[in-house]
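In what follows, a single structure is set out as structure tokens and then discussed.
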Amino acid sequence: MSVKLGVPSKGRLMEKTFDWFGQRGITLERTGSEREYAARVTGIEGVSLVLLAAGEIPRELAAGRIHLGVTGTDLVHEKLVQWDQKVEALAELGFGHADLILAVPQSWVDVTTLDDLDGAAAAFRAEHGFRMRIATKYHRLVRHYLRDGGVADYALVDSQGATEGTVKNLTAEAIADITSTGETLRANHLRVLSDEPILRSQATLFRSRTAEKSAETRETLRELLAKLDL
Amino acid sequence: MSSRAARDRAFALRGGFEAEGARVVDCEILQPAETLLDLYGEDIRARAYVTQDPGRGERMLRPDFTVPVVQMHMAHGAEPARYTYAGEVFRRQEDFPGRASEYLQVGYEVFDRADPDAADAEVFAAIRGALGSAPLRAATGDIGILKAAVAGLETSEARRRALMRHIWRPRRFRALINRFSGKTPMPEARAALLAAEDPFDGAGPEIGLRSRAEVEARIATLRAEAETPPLAQSEVEMIDELLGVSETCPYALDHLKHLAMDFPVLRAAVGRFERRCAALEARGVDVATLDFEAAYGRSSMEYYDGFVFGFYAEGRPDLPPVATGGRYDALTERLGQGASIPAVGGVIRPDLLDEIGAAA
């Protein structure tokens, strides 16, 4: 059986991943037509490439269906309970940088820290009769972060896209989302809190701790990691 | 799933409480999520299973019986009342995936105005009696004493309310004490905001539900806070000393009575502790060897506001407590729509009794 390497199936994340491996003498390439998800690895024997949606790579790693995978730290931390027991981060690849942040309307001049957010949330609940709503798709990470920060009287509302628009549309009072440059936030009159972000994420090569390891795959993995200087 | 043995044990325990005069009650497994979310906030989602019903909205698999039993009692219960129940509860275990997510709980709950301290002792003794001779260590505490200390602080109402709101979050509570006592300086951004001629300079358009008036109101609150003199050092030390109390009941009582001499605001709460000790003794509990920790139970579920207790398996720090309980007067007020009643209760986990090999 070959060592399976999971890589994001499209976009800049895929291209940059291909480049990163290419610079280390391992060529990853798509084969067949533009629309066909088939791929080839050259530069090493016994490694096969699996093209997947970046969001599915954590699950595949945890289930042991792939040995290695490239995805964002944010996705691994959000989707895997006790992620460090299921996967090991081997290398940060230096691209796909994005921070998971909490942002509030710029007009909330009284809120710059989590401490302020908690104070504002208490007053908001007293005024409106319901908890301050924070729109996000990163429920677990945000909940942990707010619990650690001692914030009470908030509620998370699910937002799978266009999260920055929820405040203006009155479906949330604040948001927690991934941002790289902050431009979309500014365009929507939102401002990031000054505390450390919830998570600093970047594309990372992970190893599954649960995938089967025959003598053969073990040897291939060793050879691959040596070529990658890991 | 619960084993046959745990199930048999659960019904036997419930039968025991029934024989002591408690009424057997049951409640639905699927509870409306709203009540629980409103009580506990977002944290409950990390601990309970939430599911969606297209017609009825969000439902939650009952994470405990206490809340529905309180609701039932407040809606149409006669006073005084003693209830018992046995059934599964469901808990997500994100932080401890090895722990059971579905297990049995047997409970005993007392709603009685007559003598709350005696009721505390009654519930503790009933749970302890039901646990038999299993090798368990009892821990006790009293959140009412810390609440009394906070309520009696000589400072602004806003500060007392902020501390009260975070009594169950020890780290945040500490950060607030440090801020209010001047130990940590005001954050730079806040100092700049309060010093600004026009705090709304460059604020951008007003968006969202939180209005400019609300922002202004909070700035006024912050300004008032900045002008409030720091908490007295003696009061900070009193809270520290109080939270550090961890001794057997008689020594803890001596210690707290001593503290209450200097801080009369503690007298009523310490008096209740003293009467509870006497009531426990009258029920045959060896109070002289019973541990008391003033900070016990602070980081668990938010509804206990007085006496709290737990029973832990000796030599098994890996296991959650085999039984827990406490007083939850404020919960009855929040669910009572204007009414309230002193209430105290406890629950046992029969599966854990099986696991430690306790005699059935």
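Key figures
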item: Phi-based couplings in Hz for the range A:33-38 (Karplus 6.51, -1.76, 1.60; Gly and Pro marked x); result: 6, 4, 8, 8, 8, 10
item: Principal axis box of the range A:98-200, alpha-carbon based, largest edge first, Å; result: 34, 28, 25
item: Cα→Cβ-extended label distance, 7 Å offset, between A:Arg24 and B:Ala191, nm; result: 4.7
item: Nearest-0.05 FRET efficiency for A:Arg218 and B:Arg223, computed from C-beta distance (R0 60 Å); result: 0.35
item: Two-site label geometry, B:Val50 and B:Ser340: point separation in nm, points 7 Å out along Cα→Cβ; result: 2.7
item: GNM flexibility winner over chain B from B:Ala269, B:Ala232, B:Ala149 (Cα, springs under 10 Å); result: B:Ala232
item: Karplus (6.51, -1.76, 1.60) ³J(HN,Hα), θ = phi - 60°, over the range B:249-262, in Hz, Gly and Pro reported as x; result: 3, x, 5, 4, 5, 4, 4, 6, 5, 4, 4, 5, 5, 7
item: Theoretical gain in end-to-end length, B:Gln233 to B:Asp286 [0.36 nm per residue, Cα-Cα removed]; result: 15.4 nm
item: Cross-link table A:Lys16/A:Lys168; A:Lys4/A:Lys79; A:Lys10/A:Lys227; B:Lys147/B:Lys183; A:Lys86/A:Lys227, entries beyond 31 Å C-alpha to C-alpha; result: A:Lys16/A:Lys168
item: Calculated FRET efficiency for the pair B:Ser211/A:Glu183, C-beta based, R₀ 25 Å, to 0.05; result: 0.40
item: The protein assembly as shown - mean residue ellipticity at 222 nm from DSSP helices (-39,500 (n - 2.57) per run, n ≥ 4, rounded to 500); result: -12000 deg cm²/dmol
item: Dimensionless Rg/Rh of the protein assembly as shown - Kirkwood Rh, Rg from C-alpha atoms; result: 1.02
item: GluC sites (Glu not before Pro) restricted to DSSP loop in the range B:289-360 with at most 11 other C-beta within 10 Å; result: B:Glu314
item: Residue mean of other protein chain beta carbons inside 10 Å, B:88-101; result: 1
item: Pairwise FRET efficiency - B:Asp43 versus B:Asp240, Cβ, R0 = 22 Å, nearest 0.05; result: 0.25
item: Segment A:Ser194-A:Met1, extension gain: residue separation times 0.36 nm, minus the distance between their alpha carbons; result: 64.6 nm
item: Centre separation in Å (Cα based) which lies between the range B:62-107 and the range B:296-325; result: 15
item: Other protein chain Cβ atoms within 10 Å, averaged over every residue that makes up A:100-112; result: 6
item: Amide H within-cut-off set for A:Ala135, under 5 Å, with H built and near neighbours excluded; result: A:Val157, A:Glu173, A:Ala174, A:Ile175, A:Ala176
item: Alpha-carbon centroid distance for the pair the range A:70-85 / the range A:1-55, whole angstrom; result: 21
item: Label point distance in nm, B:Arg161-B:Ala268, each placed 7 Å from Cα along Cα→Cβ; result: 2.0
item: Inter-chain Cβ neighbour average for residues B:198-209, partner chain, 10 Å; result: 6
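Values quoted throughout were computed directly from the atomic coordinates according to the rules given, and no laboratory measurement underlies them. Please read all numbers here as calculations on a predicted model, not as lab measurements. Virtual Cβ from ideal backbone geometry, glycine too; neighbours counted across all protein chains shown.
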